[in-house]
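So the structure is just underneath, and the comments pick up after that.
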Amino acid sequence: MDNLEVKVGSLVFKNPILLASGTCGYGKELMEFYDINILGGIVTKSITLKSREGNPNPRIWESYGGILNSIGLENKGLEKFIAEEIPYLEKLNTNVVISIAGEKQEEFYELAKELNNYNFSALELNLSCPNVDNGGMLFGVDKETVKEITKKVVKISDKPVWVKLTPQASNISEIVKGIKKAGGEAVVVFNTYLGLAIDWKNRRPVFKRVFAGYSGPAIKPLVLRHVWELYEENLLPIVGCGGIVNFCDVLEYLLAGATLVQIGSANLRDPWIGKKLVEEAREYFKYERVNEIIGLAHKNY
Amino acid sequence: MVRELFGEVISNVKVGIKNIYLLKIKIGEVVELYPGQFAMIKVTDSFDPFLRRPMSLYNVEKDICSFLYQVVGRGTEILSKKRIGEEVNLLLPLGNTFPKLNKQEKILLVGGGVGIAPLNFLINFYKDKVNFYSYLGFSSIVSEEIYKDFKEYSRELVISTEDGSLGFKGKVLEFLPDDLEYFDKIFSCGPSLMLESLWRRVKDKGKLYFSLEEKMGCGIGICLSCALKGRDRMFHVCKDGPVLSGMEVQFDG
Ligand SMILES: Cc1cc2nc3c(=O)[nH]c(=O)nc-3n(C[C@H](O)[C@H](O)[C@H](O)COP(=O)(O)OP(=O)(O)OC[C@H]3O[C@@H](n4cnc5c(N)ncnc54)[C@H](O)[C@@H]3O)c2cc1C
Ligand SMILES: Cc1cc2nc3c(=O)[nH]c(=O)nc-3n(C[C@H](O)[C@H](O)[C@H](O)COP(=O)(O)O)c2cc1C
Ligand code: FES
């Protein structure tokens, strides 16, 4: 077994580096930069049943050490996704996780069902987007709703089901317990934090929807804390996501207990970040296996 | 193919009293670059501010890329402090280009403030093969260095400033010729109000080309930050633009 290889549920990853939903397009956009097959995997931009135009401008704003976004799940919808993206994604030689989102619970079931016809690694349920009026984060803060959606999708889908959590939920470990009971294979910790930006020059909120999702280096310690706590509870494999910009950050997540990591905002600054992290991982794990350090920090204090 | 280049600052000087700077970066190799394209500049190696900054190419001479920018916030402030010899990380080339020009075409250029940047690359690209008529507006006086190429290669050059400190006093659109249909193509870049009133004045919208600005997360089409509602569809300025035709854009109101 390769030192970098890790398993999550029924899936094998050639390394623990994945790119996060919404920050790597549908994958092919990054092929111009490097061969994304070297990654552990990619998570495609969340798709919905019908196409969505997304939110009005501005959609992005900076804050110290991070960014706020209010994209609003702009996507081409299932039909076009199947026609234009799936054929390409099916040919990739790495794990492809397809992120799905919906305003109504039924949309998740419909998406899961339609996607059964195609070949990919796992479904990621986006129950955590803060930038839409219905569904998204509103589903994700409610333990019963998360459990119900997960349970039904697990039943309908022939793929492993991951759930992407929102830090806005007050009872994260209860939510994860529900996901475990419902048959989910892993949890992604987290989507963006709900934040606010004020445009002081114009004396008004920056975003039309007022609140937006905060990501980037600034949130890393907040996310790490939850990875740590969830690891202690030993419920489900953890996919760490939040503020990773370099290889030290990857190690910190693994040591705190994540089996895989996802890289989000860093792709915006450096399209080659995924490649660079994989190369550094190869170097670092020459004589040691990734598996040996997952959660190791818990033994060292 | 988009590249990540580590250039070296060879000059970075103030060229206008409204905090306008001209930055020249030696990128160390010759890259195929066309007018209209832009770069994403990493203003700092630290992660704050986090995003790169989009900047149009103001000129390209062999392995030297120049940018004309105005200090408006944290990123451009940091950029303005870069000294000669400092390294600057660039992603380029990004975005589409202005349409190809034919020999002897009559081209009207309308630039506002640092919006003259992509037009300057265009005029340098064609020099006297094309008949340029340039109308440039600034809020206040700028150094001659930044419009000298317009002076050299335009059939006609009109400059105005809002305070009258250089050229005519007023907004540059007040000084445009009456008959805009005379020109084969019209290119413009600058404040959106300027673009909008120009757009309203030109009957044949197919002649008009704008270089547009929108807040960008990535500049390469992966984040969907730069969406712009066009007449018939949504555009992503970093991939579909920054150059859009007058037929494609839509102005509210
Ligand atoms: C394709 C393109 C070409 C451009 N070319 C030039 C140029 O040649 N010269 C020049 O001076 N400016 C140009 N701009 C605008 C320039 O990118 C912004 O002025 C700059 O990003 C401001 O950064 P800041 O940190 O100083 O301002 P801040 O307001 O602190 O920036 C905060 C965030 O908003 C973004 N932002 C702020 N203003 C703009 C704007 N007008 N357009 C896009 N993003 C903005 C920043 O990139 C940053 O992400 C261009 C913009 C685009 C999209
Ligand atoms: C521009 C942008 C778009 C995003 N779109 C999605 C999305 O469609 N679906 C999703 O589950 N998460 C989305 N996210 C959240 C990221 O996948 C990630 O969870 C979050 O940004 C935290 O990681 P980071 O700090 O590494 O960016 C988006 C984030 C950004 C910055
Ligand atoms: S800036 Fe990211 S898609 Fe255009």
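The values are calculated or read from the model by the stated rules, or taken from the named source; none is laboratory data. Remember, it's a predicted structure, so these values are computed and weren't measured experimentally. Please note: Cβ atoms are built from the backbone with ideal geometry, for glycine as well, and neighbour counts cover all protein chains shown. The accessibility values were calculated without ligands, DNA or RNA, using every heavy atom of the protein model including side chains. Shrake-Rupley method; radii C 1.70, N 1.55, O 1.52, S 1.80 Å.
Computed from protein heavy atoms with a 1.4 Å probe, the total accessible area buried between A and B is close to 2900 Å².
Against the empirical curve 2.2 N^0.38 Å, the C-alpha radius of gyration of chain B lands at a ratio of 0.96. Annotation: amide H-H contacts under 5 Å for A:Val206 (H modelled 1.01 Å from N, sequence separation of 5 or more, or interchain): A:Ala197, A:Ile198, A:Asp199.
Averaged over the residues of peptide B:50-63, the number of Cβ atoms from other protein chains lying within 10 Å of each residue's Cβ is 2. Taking only Cα atoms, what is the 0 to 90° angle, nearest 10, from helix B:192-201's long axis to the longest principal axis of chain B? Its long axis makes an angle of about 30 degrees. Which of the pairs A:Lys180/A:Lys286; A:Lys155/A:Lys181; B:Lys18/B:Lys171; A:Lys151/A:Lys208; A:Lys113/A:Lys220; B:Lys82/B:Lys127 have their Cα atoms more than 23 Å apart in this structure? Over 23 Å Cα-Cα: A:Lys180/A:Lys286; A:Lys151/A:Lys208; A:Lys113/A:Lys220; B:Lys82/B:Lys127.
Tell me, what is the per residue accessible area of the protein assembly as shown in Å², probe radius 1.4 Å?
Per residue, the protein assembly as shown has 41 Å² of solvent-accessible surface.
For chain A, with all protein chains in place and a probe radius of 1.4 Å, 50% of the accessible heavy-atom surface sits on carbon or sulfur. Sorted largest first by accessible area at a 1.4 angstrom probe radius, with every protein chain in place, the residues A:Trp228, A:Trp200, A:Trp162 fall in the order A:Trp200, A:Trp228, A:Trp162.
Compute the helix-to-body angle for B:116-126: its Cα long axis versus the longest principal axis of chain B, expressed 0 to 90° and rounded to tens. Between the helix axis and the principal axis of chain B, the angle is about 80 degrees. Mean residue ellipticity, 222 nm, helices only, chain B: the sum of -39500 (n - 2.57) across DSSP H runs of n ≥ 4, divided by residue count and rounded to 500, is -3500 deg cm²/dmol.
Helical runs (DSSP H, four residues minimum) scored at -39500 (n - 2.57) apiece and divided by the length of chain A put the mean residue ellipticity at 222 nm at -9000 deg cm²/dmol. Per the Debye calculation on the range B:154-212 with a single equal scatterer at every Cα and no solvent contribution, log₁₀ I(q)/I(0) for q = 0.13, 0.30 Å⁻¹ amounts to -0.35, -1.37. How far is the Cα center of the range A:78-108 from the Cα center of the range A:163-236, in Å? The range A:78-108 and the range A:163-236 have Cα centres separated by 23 Å. Over the range B:124-231, the reciprocal of the mean inverse Cα-Cα separation, the Kirkwood hydrodynamic radius, stands at 15.7 Å.
Taking the Cα centre of the protein assembly as shown as origin and assigning +1 to Lys and Arg Cβ atoms and -1 to Asp and Glu Cβ atoms, the resulting dipole is close to 520 debye. For chain A, what log10 I(q)/I(0) values come out of the Debye formula at q = 0.09, 0.11, 0.12 1/Å, with one point per alpha carbon and no solvent? For chain A at q = 0.09, 0.11, 0.12 Å⁻¹, log10 I(q)/I(0) is -0.39, -0.60, -0.72.
Within 10 Å of the Cβ of each residue in B:209-221, the mean number of Cβ atoms contributed by other protein chains is 4. Of the residues A:Ile293, B:Met55, B:Leu157, the one whose Cα sits farthest towards the positive end of the charge dipole of the protein assembly as shown is B:Leu157 (charges of +1 on Lys and Arg Cβ, -1 on Asp and Glu Cβ, taken about the Cα centre). Look at the stretch A:61-71: the mean tally of other chain Cβ atoms within 10 Å of its residues' Cβ atoms is 4. For chain B, which whole-number percentage of the solvent-accessible area (1.4 Å probe, protein heavy atoms only) is attributable to carbon and sulfur atoms? Ligands and nucleic acids excluded, carbon and sulfur give 50 percent. Residue ranges A:209-219, A:258-268 sort as A:258-268, A:209-219 when ordered by packing (mean number of other C-beta atoms within 10 Å per residue, highest first). About the centre of its Cα atoms, the range B:106-245 shows a dipole size close to 440 debye [charges on the beta carbon of Lys, Arg (+1) and Asp, Glu (-1) only; nearest 20 debye].
Per residue, how big is the convex hull around the C-alpha atoms of the range B:3-94? Give it to me in cubic angstrom, could you?
For the range B:3-94, the hull spanned by Cα atoms encloses 88 Å³ per residue.
For the set A:Lys76, A:Lys286, A:Lys201, the ranking by accessible area, highest first and with no ligand, DNA or RNA atoms included, is A:Lys201, A:Lys286, A:Lys76 under a 1.4 Å probe. According to the calculation over all Cα-Cα pairs in the protein assembly as shown, the P(r) per 10 Å bin from zero is 4, 18, 26, 23, 15, 10, 4, 0 %. Taking every DSSP beta bridge that has both ends in chain A, the antiparallel portion is near 40%.
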